[in-house]
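Input: a single structure, listed below in structure tokens.
What follows is calculated from the coordinates using simple rules that are stated; it is not laboratory data. Quantities reported herein were computed from a predicted structural model and do not represent experimental measurements. Reconstructed Cβ throughout: ideal geometry from the backbone, glycine too, with neighbour counts over all protein chains shown.
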Amino acid sequence: MIPVDWEPRGPVWTYPGLGSTQELEIPESDLEYLRMKAEFKPAQLSEWKATAICGNDILGSVLYSSGQVAVKAGKLAPVGMLLVSLVLYFFQSIYEEVVTAIPLNGGSYNVLLNTTSKRVAAFGAALGILSYLATGVVCSTTAVHYLGREVDLPVVGSTVGLLFVFAVLSILGINDSATVALGIFIHHVVVLSVLSVVAIIYVTHHPHIFRDNMSTPLPPVDFAGTVVDSNAVAAIFFGYGAGMLGVTGFETSAQFVEEQKPGVFRKTLRNMWAMSSGFNTLLTFMVIGVLPMEEIYTNKDTILAQMGLVAAGRWLGLWVAIDSFVVLSLHMKQLQISTLTNVRST
């Protein structure tokens with residue numbers, strides 16, 4: 001009799017054996033939960049709600065950029081703003097193509113992560129976080145300055161307090177409502193539109209202010225601690241640099257692209273470019289037509305409220321000041337959310 005060796009010869013995986021079967025019975029309650037979870041689709045943002053969230057950011061920047069550009073570029077301030085609008089137009093096309101190819105939250109960090117190395121993406125995210133933090137301080141300071149026109153406030157203490165309050169809200173996870181953001185956005189657009197119309201009427205009745213400003217010399221340039229006389233090229237260059245403050249928030253839409261309906265992202269970029277370019281350029285031009293240069297330099301931190309006060313009276317100056325405080329506070333809140341988004345992404 002020949003003995004039989006039942007041990008497999010060769011790789012074990014070639015002899016899987018007979019295996020086994022199991023029969024599972026899932027409770028009906030669990031099945032119902034899984035069905036509901038599969039059928040649930042979170043509400044996605046429409047065009048104007050998504051535009052409102054990031055539009056409050058970019059149109060909030062108008063409140064402090066006009067004065068800063070006028071201080072740097074003087075009578076050539078509108079030229080700097082036009083250059084910013086031109087650059088933003090080309091950037092809009094590039095940003096739209098890149099983000100729609102990889103529609104994931106994270107903005108620039110997500111773009112760099114999928115096109116470069118992890119190290120480069122982390123470095124870009126760090127720069128983005130620094131930008132958000134710095135802009136948040138500018139927003140809170142400007143908001144306090146606008147409110148300080150009507151109420152006597154300590155600038156430093158109020159700024160720190162405002163930053164602390166919204167930081168706590170962000171850490172607790174209290175986010176903005178899209179509907180509330182849309183209401184604030186519509187109100188802000190109405191305020192800027194009324195201010196623009198009133199300023200145009202004022203300029204047509206007082207054209208001598210614009211002519212006088214056009215005859216003033218360009219503001220001197222502080223270059224590495226040395227004050228030197230300016231020229232047209234230097235004025236436009238520094239005005240363009242300050243004008244980039246006026247488009248802060250353009251990248252915000254990419255931070256929540258997954259929450260937007262299909263095709264909405266490119267529309268938000270288009271809407272933001274059109275409104276920021278129009279209001280930035282027009283209001284900067286109106287500032288030079290309504291206020292003398294000395295008054296512009298003195299009120300650079302609350303330039304639009306001062307323009308409303310001169311062009312229409314106290315009611316418009318007060319309206320602009322209150323609207324500015326609300327919008328800039330919301331802008332600061334969105335910057336903190338963007339900062340937390342970048343931190344979580346990395």
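Annotations
- Using distinct alpha-carbon pairs, which all enter the 1/r mean, Kirkwood radius of the chain in Å: 22.9
- Evaluating 6.51 cos²θ - 1.76 cosθ + 1.60 at θ = phi - 60° for every residue in segment 235-243, the Karplus couplings come out as 5, 5, 4, 5, x, 5, x, 5, x Hz, glycine and proline recorded as x.
- In plain terms, the residue of 83, 127 with the fewest other Cβ atoms within 10 Å comes first and the most crowded comes last, giving 127, 83.
- Centroid-to-centroid separation of segment 263-330 and segment 30-75 [C-alpha atoms, Å]: 20
- When the convex hull of its Cα atoms is projected in every direction, mean area for segment 83-239 (nm²): 15.0
- Aspartates and glutamates with Cα under 20 Å of residue 49, excluding same-chain neighbours fewer than 8 positions away: 57, 96, 176, 251, 258, 259, 323
- For the chain, the 222 nm mean residue ellipticity estimated from helices alone, with every DSSP H stretch of n ≥ 4 adding -39500 (n - 2.57) and the total spread over all residues, rounds to -23500 deg cm²/dmol.
- Taking packing as the residue-averaged number of other Cβ atoms within 10 angstrom, the listed peptides 108-121, 202-215 run from highest to lowest as 108-121, 202-215.
- Rg and Dmax of segment 226-287, based on Cα coordinates, read 16.3, 52 Å.
- In terms of packing, defined here as the mean over residues of other Cβ atoms within 10 angstrom, the peptides 22-30, 248-256 line up highest first as 248-256, 22-30.
- P(r) tail fraction, segment 18-120 - alpha-carbon pairs more than 18 Å apart, %: 74
- Gyration tensor over the Cα atoms of segment 208-319: the corresponding equivalent ellipsoid has semi-axes (square roots of 5 times the eigenvalues, largest first) of 32, 21, 12 Å.
- Farthest toward positive dipole pole in segment 45-345 [+1 Lys/Arg, -1 Asp/Glu at C-beta], among 64, 194, 81: 81
- Under Karplus coefficients 6.51, -1.76 and 1.60, residue-wise ³J(HN,Hα) of segment 127-144 in Hz, glycine/proline x: 5, x, 5, 4, 5, 5, 5, 5, 5, x, 5, 4, 4, 5, 5, 5, 4, 5
- Amide H within-cut-off set for residue 45, under 5 Å, with H built and near neighbours excluded: 260, 261
- About the Cα centre, charge dipole magnitude for segment 45-345 (Lys/Arg +1, Asp/Glu -1 at Cβ), debye: 420
- P(r) tail fraction, segment 62-168 - alpha-carbon pairs more than 18 Å apart, %: 68
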